[in-house]
1. According to the square roots a ≥ b ≥ c of the eigenvalues of the Cα gyration tensor, what is the shape class of the range 228-369, taking rounded for a/c under 1.5, prolate for a/b larger than b/c otherwise, and oblate for the remainder?
2. Where a ≥ b ≥ c are the square roots of the eigenvalues of the C-alpha gyration tensor, would you call the range 324-482 rounded, which needs a/c under 1.5, or, failing that, prolate if a/b is larger than b/c, or oblate?
3. How would 385, 269 line up from fewest to most surrounding beta-carbon atoms within 10 angstrom?
4. Run the quick spin-label model on residue 46 and residue 324: label points 7 Å from Cα toward the beta carbon, then report their separation in nm to one decimal.
5. So what does the Cα-only Debye profile of the chain read at q = 0.07 Å⁻¹, as log10 I(q)/I(0), no solvent term?
6. Extension gain residue 233-residue 425, at 0.36 nm per residue separation less the Cα-Cα distance, in nm?
7. Nearest 5 percent is fine: what portion of the DSSP beta bridges confined to the chain is antiparallel?
8. How much length is gained on full extension from residue 196 to residue 121, taking 0.36 nm per residue of separation minus their Cα-Cα distance?
Amino acid sequence: MTLALQRGEEPGIAAPRDDTRLATAGLYRPPAPSPQPRKLGLLRLLSTLKRNPLECWAQEHFEKPVVAGGLPLTNVLLVHEPNAIRHVLLDNAGNYQKDTIQRRVLSAGLGDGLLSAESERWRAQRRTVAPVFARKTIMDFAPAMLGAGDALTERWRRNGGAPVDVAAEMSRVTLDVLERTIFSDGFGRDAEDIRAAMSTYFNTIGKIDPLDLLGLPPSVPRLSHLRVRSTLRFFETAIDEIIATRRQRARATAGDDADDILTLLLAALDPETGERLSEAEVHSNILTFIAAGHETTANTITWSMFLLSQSPEWRRRVEAEAQREMRGPVAGMAERLVDTRAVIDEAIRLYPPIAAVSRVAMGEDELAGQPVKRGTLIVIAPYVLHRHQLYWRNPNAFDPSRFLGKAKNEIDRFVYIPFGAGIRTCIGSAFALQEATLILAGIAKNFDFQVAPGHAVWPLLRVTLRPAGGLPMTIRRKTADA
Ligand code: HEM
């Protein structure tokens, strides 16, 4: 499929449009940095990268399929063309490995879990872990997700209308979902200590340390890690103890144990070799699921609430749908919440929690007619692709209807990639989408919410894409709870 074809013939994909049309279309244009008129020079690039990498993108990135350049010592290609993306992430994925900075920043401390492993080690883990995230298993997690939503509702009902930081609250609720689905019998007697240690752990490992930028290997201790070393050790040991207890119990009950992610991981067998995951792999993957599934999903619900607060029409639609569908059976509930899901799909188009992924070319290749040298850094930014003038009508406008019915089916699978694409696509995408849909609908059903007066919302990229300074909102219980 050529680009020319896409522009002219692919439904749902449009030739460049002028955003002034937004006013006539009556669509809301949420806050986002205006692209730089020209690519930034090195010094400004470095200072902007430090402040907010989202502000580095230039106009041409949103208009051209492939743009070269950026860093002085590395060949960089910024690739936003669906066929080239398919080539890198799927067809010739063997030639493109995760680069070391991305691995260090996104998965530091996660050992060789799914997110950071490569080659055969990754392949064997992915085969073994895939059934844990199968559709049926995820549907069975719906009651646990609704339970976490109910706990949030209870908290907010008692709140009495004071402003709350919705970003922090969503972080709490998504952690609650992970706790209920990974360790269904909870953290035990040290629960509060473990939760506190977990939050320090992920706040610490998720930060870019100056040593990361210098390229020092993870074995060199980072100052930021040294400061909280005992907390990190406490958390890791606590996880290992929970795993060991569960393993013993599984032996005693001959596998007839809780249906949670930990049990499934311990029981999982590689369909090709019949082998189980090693102790270290179970440990790394538990940490990986918490790290990869926590802030990402929290940001998804946070941005969805913000966008709903700005759009009375969609607010009404989601609320009516939630009132109607959440009365019915839990089985299939998330699938019935189609408008809610469309809002979520649109929220992570405009504000993809993982705003960019990168790979390094292991050998020479060609992408969209451009030669690729060995060692070239390939950057694919869902943030840019999702707002690209070549592929979207009114790319900067909030319009969930693009994710309804026929329009949704016509979106190219390599033009909308909030969960990545190809062989390393997110294993938890169905889990995250079901969770976000159920939690958002529960909130819309029970509460009115508005951004706190005087607060200006602005997207900031810090490992994940979040509202700078959180999202203070006034939350009011609806007068007649359904
Ligand atoms: C809205 C929420 C989420 C978003 C936006 C998201 C996004 C992503 C993206 C973009 C990737 C691919 C990275 C790359 O190609 O370099 C990825 C991979 C991954 N995600 Fe997610 N994720 C989300 C939720 C989750 C959840 C809930 C879990 C687990 C419970 C999870 C576990 C993983 C794992 C294990 C990988 C690595 C897969 C592999 O390499 O085989 N994610 N995610």
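Read-outs throughout are calculated quantities, based only on the coordinates presented, and are distinct from any laboratory measurement. Since this is a predicted model, take the numbers as computed values, not measurements. In this analysis, Cβ positions are derived from the backbone assuming ideal geometry, glycine residues included, and neighbour counts consider all displayed protein chains.
1. Because a/c hits 1.5 or more and a/b fails to exceed b/c, the range 228-369 counts as oblate.
2. The shape class here is prolate.
3. On the way: 385 28, 269 13.
Placing the least packed residue first, the sequence is 269, 385.
4. About 5.7 nm separates the two model spin labels.
5. With no solvent term, the Cα-only Debye profile gives -0.37.
6. Gain on stretching residue 233 to residue 425: 66.1 nm.
7. On the way: 26 of 30 bridges.
Approximately 85 percent, going by the DSSP bridge assignments.
8. Working it through step by step, the gained length comes to 23.8 nm.
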